Amino acid sequence: MARIGVFICHCGTNIGGVVDVARVVESARDLPQVVFVDDNKYTCSEPGQASVRDAIVENNLDKVVIGSCSPRMHERTFRNTVASAGLNPYMLEIANLREHCSWVHGHDKEEATAKAIELIRMAVAKVSRHEALFPKEAGITKRALVIGGGVAGIQASLDIANAGYEVVLVEREPTIGGRMAQLDKTFPTLDCSACILAPKMVDVGQHPNITLRTYAEVKKVNGFVGNFDVEILQRAKKVDHTKCTGCGTCWDKCPEKVDSKFDLGLGKRTAIYIPFPQAVPPKPVVDTDHCRYIKYLKFTEEGGEGKAPPQCRICEKMCPSQAIDWSQEDEVITEKFGAIVVATGFKTFDHTAYEEFGGGRYPDVITSLQLERLMSAAGPTGGEVVRPSDGAHPKTVVFISCVGSRDRQKQRSYCSKVCCMYMAKHAIMLKEHDPDVQCYIFYIDIRAGGKDFDEFAVRAQEEYGALYLRGRVSKIYPEGKKLIVLGEDSLMGRPVEIPADLVVLATGIEPSDGAAEVAQTLNISYDTHHFFVEAHVKLRPVETQMDGILLAGCCIGPRDIPESVAQGGAAASKVTDLFSQESLITDPMVAAIDPAKCSGCLLCVELCPFNAIEPGTTRDGRTIAVVNESLCKGCGLCTAGCRCGAANLRGFTQQQLLAEVASLWQ
Amino acid sequence: MAPELVQQIRDKARELLTSGAVDCVIGYGRATDGVTARPLFVYEPEKVDELIFDETCTHNLVGYLVNRKGKKTGIVVKPCDSRAINVLLNEGQISRDDVSIIGVVCDGVVETGWNRVGEAQQARCQYCHQHTPVVYDFLIGEPREESPPSAEDYAAVAEMEAKSPEEREAFWAEQFDRCCRCYACRQVCPACYCTECFVDKLDPMWVGIRVAPEENRIWHTIRAYHLAGRCSGCNECERVCPVNIPLSLLNRKMARDVEDLFGFQAGLDDKEMQPLGAFEKDEKLGIGE
Amino acid sequence: MAVEGFSPRMVGFLCNWCSYAGADMAGTSRMSYPANIRIIRVPCSGRVDPLLIIKAFQQGADGVLIAGCHPGDCHYVEGNYYARRRLAIFRSLLEFIGIDSRRLRVEWVSAAEGKRFSNVITSFTDELVKLGPRSEVQVGA
């Protein structure tokens, strides 16, 4: 016979204001094996926990039910409370009387109370079948993997490396730097973006603890916190970076010109290239889709018709270090890590979806990121802000906010957070480039919520003459050399028509291409927009539900540079927390297979998503299934699939769940 | 069956026993009523002449192989029985090297009872399109051309589905009321080999000790579910039921669903994973859509 | 058959990572839905053994809800794919023995879908009110 204690929490008025706690307490006294019932104002508080502890000791309780907020909130807290009273922490069950009861049935207190009474009865029935569970220890591989070499990933890598641990930073592009490397200046300080980023990039490239793998992608991740097995696809650069000195002769001489992805189509690069001058590593890769020699090789291999493309190989002939290596092939590298930081960043909304803005047909309707490239001294126009169509300097520039943000029709109802600030920055910068320019900004709101942010936005208007028009733009159409922008000034209550030389669209932030695949590879959650989901939005903003996998930067949602840098550091701190431990305590809520009941059909081996079950033999030679507790994640597929009832998941056993069902509607 | 074919069975059995390839041949013998058949375990070559094969040989002998794992056994199987062999091979309950399979091309079996041989073929033979065993070491008889499957094969299931939920509930309540929980259906089934059957468990107690319709319903429903994608359609469960519950309706329903939803039929080979152990990421099953 | 004043008995098996969290979110957002449902937490929709479902009906449930992650997003990668197959077969079997298939409802609810969860409960409750009580409600042994 167990001695179960039941503690009902008022949670202030959150529960107590709807549920009649006194009645729940009374009804709990009659439940089987319950010997003690009490209520608390705030069970999670110091005095609350102390009263639970004392009650356990004074009444010799061996199992506890707490009726409170969701177990997803405080299961950990209350397990610690129970443990501090000398009980096994798993002799606890929590009834969700808040999120699943008082907070959703506030309109009917009678029903809410009846439901609360029943939820307590179910929890008592379940806990009566709880058994003591004991975690095991596992080793930790003290190496970190960082996916994504933007500023968030760079910061995380540096912080972990400085703490003394090995880091492998994997970046898909040929260089690290991400979106911040594409910016000209940053708000509100107007620092040169590349100038503040480049030193960090160089630190990464030179840090003894960081192995930088650019032009590479993570393909497969197995294992669990402290013990991840990762397959990295290192794409062939066709350049031996151990020989290459980055002299630049090859990309200087390469005859093939390709649209530059870094310059967002506004400029060209060569087939053998570094994306921008401050690239790290400052050594080129060959774009095998556009390299003439590679095309020639493909042509001869596939036996193409007609004239063969030229053999070129100019880079190889000109390279003073003989660094070109056509024999390089893509390579899969398998490594072990203890923790993974995901910092895969963002891309911008494809504005061609807005037909009213030209649908991408007008060369002088550009995005804000493209404007950054025009303003950048290292950009395609050498820092001259000119119209893509004719190279003329624009005098009238119109900005449109919220292109692909705050727009339900385009399935992007969220705000991209940084655009109001960078439009103000653009207005300031354009005026600095050309005192004769007039900027108009069509806005819905001005969101400038950071330190010195509002002052910055006000400066753009008061000192730099930017005209803010509260309204949307309904259409843009060309007329001669101008683009006529039809919009509304809703504060004046009248339509506005502006003949613009250049239109800049503040395109919304969305996760980088392939984000969903990265999430699926890592088995982390993502939302409808493919942003990755934090473990808790408020209290665990850089963790995921998967232990050992952290998040940083815009892959979580729109945010600016200081936030991304802070999160990189926060993620690094979680990693170093983990690595500072001797060993990992594993979750004991894993499956076990009773050899006496197992018939060896091995269905569970098929079912297990983590390959945690293997065939084994009993001493008398019978085949049975055996669970590897280090790999088991506690999903219960085996338990639900086993016809013989040999597999059972601790913490959610067949007996426990059946007890809950059997306690219903008594 | 033609006498020369029966003789082939006996000769093969004799050969297997005398060569030591097996130490037992499981086949059919004449029952003590003199007209029907019964399972026969032949351990000595001299006794092979007791083996028979005719339209009374309804039993599925494959279940006996489960307890003989590790011992060399010969077995006489009809096509439906041979599918059960594949199911057991797939689930590791028998080892291919241990069994010598004498597969018999079957013309169908008739209804039988004590001292009674019926005229009509059993219902299951009327919709059978597999007269040649799917796995065997030695084949008795000539394979023949099969008629194609038709919607009529599942007519009984369709008829039940056409009833209203209330009619169905009433029908099954009446059937389950008669069930006396003798478990003859389970004992005769080759796919029912669990060390401890869910119905016998005391903790968790899924099915109460009471013999009552609402408990019996759980027994039959879950057994049918456990057999989904594994039942070879031999129908022996229905034949042995002392109170004539139409168990084939439940098993055929599951077989048809498994074929419709997953394109799978039990026991056609020993490699393909049973449907509840597999999935297709994009399949549309009408669940959660 | 709809019965006057009938309040359906409902039980829901919710997976910890998505649907239980979605139900929590319905709570934090103060969504409102009928109080009939009793939620049992499971780690994954793949943990739901059909034996538990049929016992729930035997216990007196008028409706059983299984809620899991959207296919492709299962926290355990594949659990809901297996659950999908099991529930397709089992619901069909229950319908065959006379338990209306509308009484076994499967929904994919993500951790961010508080509103959707509340809508699911409201609509399921309404549907069960229309369907009426299960004609033969027996309390287990």
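The values are calculated or read from the model by the stated rules, or taken from the named source; none is laboratory data. The model shown is predicted, which means the values in this text are computed figures rather than measured ones. So basically every Cβ, Gly included, is an ideal-geometry build from the backbone, and we count neighbours across all protein chains shown. Just so you know, the surface numbers come from the protein's heavy atoms only, side chains and all, with ligands and any DNA or RNA stripped out. Shrake-Rupley method; radii C 1.70, N 1.55, O 1.52, S 1.80 Å.
Comparing mean-square fluctuations of B:Lys78, B:Lys12, B:Lys201 from a GNM of chain B with C-alpha springs under 10 Å, the top value falls on B:Lys201. For chain B, the longest principal axis of the alpha carbon atoms and the long axis of helix B:3-19 meet at an angle near 80°.
Scanning residues 5 or more positions from A:Ser405 or on other chains, those with amide H under 5 Å from its amide H are A:Gly508, with H placed 1.01 Å from N in the peptide plane.
Counting only protein heavy atoms, what percent of the accessible surface of region B:32-174 is carbon or sulfur at a 1.4 Å probe? Solvent-exposed carbon and sulfur of region B:32-174 make up 50 percent of the total.
A 25 angstrom limit on the alpha carbon distance is what I want to check against. Which of A:Lys253/A:Lys295; A:Lys633/C:Lys55; A:Lys115/C:Lys55 exceed it? Long pairs (Cα-Cα over 25 Å): A:Lys633/C:Lys55.
Figure note: A:Glu335, A:Glu355, A:Glu305, B:Glu238 ranked by solvent-accessible area, largest first, 1.4 Å probe, ligands and nucleic acids not counted: A:Glu305, A:Glu355, B:Glu238, A:Glu335. Against chain A, whose longest principal axis is taken from its Cα atoms, helix A:453-462 shows a tilt of about 30°.
Estimated from helical segments only, the mean residue ellipticity of chain B at 222 nm is -10000 deg cm²/dmol, where each DSSP H run of four or more residues counts as -39500 (n - 2.57).
Which entries in the list A:Lys63/A:Lys126; A:Lys261/A:Lys283; A:Lys268/A:Lys317; A:Lys597/B:Lys201 go over 19 Å, if you measure between the two C-alpha atoms of each?
Details: A:Lys63/A:Lys126 11 Å; A:Lys261/A:Lys283 17 Å; A:Lys268/A:Lys317 23 Å; A:Lys597/B:Lys201 11 Å.
With Cα atoms farther than 19 Å apart: A:Lys268/A:Lys317.
Treating r as the C-beta distance of B:Ala151 and A:Ala353 and R0 as 41 Å, the FRET efficiency rounds to 0.25. Region A:30-73 and region A:474-517 have Cα centres lying 60 Å from one another.
Taking label points 7 Å from Cα along the Cα-to-Cβ direction, A:Lys253 and B:Lys72 give a separation of 7.6 nm.
Can you sort B:Asp97, A:Asp560, A:Asp325 by 1.4 Å-probe accessible area, starting with the largest?
Values: B:Asp97 125, A:Asp560 20, A:Asp325 50 Å².
Ranked list, largest accessible area first: B:Asp97, A:Asp325, A:Asp560.
Evaluating 6.51 cos²θ - 1.76 cosθ + 1.60 at θ = phi - 60° for every residue in region A:255-260, the Karplus couplings come out as x, 8, 10, 10, 4, 7 Hz, glycine and proline recorded as x.
Pairs of Cα atoms under 8 Å, at least six residues apart: use those to get the relative contact order of chain C, whole percent. If you can, show how the numbers build up before the last one.
On the way: 255 pairs, mean separation 56.2, N = 141.
Result for chain C is 40 percent.
In summary, the aspartates and glutamates within cross-link reach of A:Lys410, defined as a Cα separation below 15 angstrom excluding same-chain residues under 8 places away, comprise A:Asp350, A:Glu355, A:Glu356, A:Glu510.
Antiparallel beta bridges, as assigned by DSSP with both residues in the protein assembly as shown, represent about 45 percent of the total such bridges.
Considering only A:Val504, B:Leu65, A:Leu97, the residue lying farthest towards the positive end of the dipole of the protein assembly as shown is A:Val504, judged by Cα position with unit charges set on Cβ. The distance from the alpha carbon centre of region C:21-74 to that of region B:40-119 is 46 Å, rounded to a whole number. Can you give me the % of accessible surface on chain A that is carbon or sulfur? Probe 1.4 Å, all protein chains present, nothing else counted. The value for chain A is 49 percent carbon and sulfur by accessible area. Centre-to-centre, using Cα atoms only, region B:269-289 and region A:216-263 are separated by 39 Å.
For A:Glu543, the residues 5 or more places off, or on other chains, whose built amide H falls under 5 Å of its own are A:Ala535, A:His536, A:Leu551. Mean residue ellipticity, 222 nm, helices only, chain A: the sum of -39500 (n - 2.57) across DSSP H runs of n ≥ 4, divided by residue count and rounded to 500, is -8000 deg cm²/dmol. Mean sequence separation of contacting Cα pairs (under 8 Å, at least six apart), scaled by the length of chain B, corresponds to a relative contact order of 17 percent. Within the straight-line cut-off of under 18 Å between alpha carbons, the aspartates and glutamates reachable from B:Lys284 are B:Asp257, B:Glu259, B:Asp260, C:Asp73, C:Glu78, C:Glu107, sequence neighbours fewer than 8 places apart in one chain being disregarded.
When the charge dipole of region A:291-415 is built from unit charges on Cβ atoms (+1 for Lys and Arg, -1 for Asp and Glu) and taken about the Cα centre, the candidate among A:Thr367, A:Ala343, A:Cys315 whose Cα reaches farthest toward its positive end is A:Thr367.
Using Cβ point charges alone (K and R +1, D and E -1), the dipole size of the protein assembly as shown about the Cα centre works out to roughly 1340 debye. Positive contributions from Lys and Arg (+1) and negative ones from Asp and Glu (-1), summed over other residues with Cβ under 9 Å from the Cβ of A:Gly149, come out at -1.
Excluding same-chain neighbours fewer than eight residues apart, the aspartates and glutamates reachable from A:Lys481 by a Cα-Cα span under 14 Å are A:Asp364, A:Asp390, A:Asp501. Overall, region B:3-140 carries a charge dipole of about 380 debye about its Cα centre when +1 sits on the Cβ of Lys and Arg and -1 on the Cβ of Asp and Glu, all other atoms neutral. Which of rounded, prolate, oblate describes region C:10-131, given a ≥ b ≥ c as roots of the alpha-carbon gyration tensor eigenvalues and a/c under 1.5 marking rounded, otherwise prolate only if a/b is larger than b/c? Oblate shape, in that a/c is at least 1.5 and b/c is the bigger or equal ratio. In this Cβ point-charge picture (+1 for Lys and Arg, -1 for Asp and Glu), region C:10-131 has a dipole of about 100 debye about its Cα centre.
Close amide H partners of B:Ile140, meaning residues 5 or more places away or on another chain with modelled amide H under 5 Å apart, are B:Gly103, B:Val104, B:Val105.
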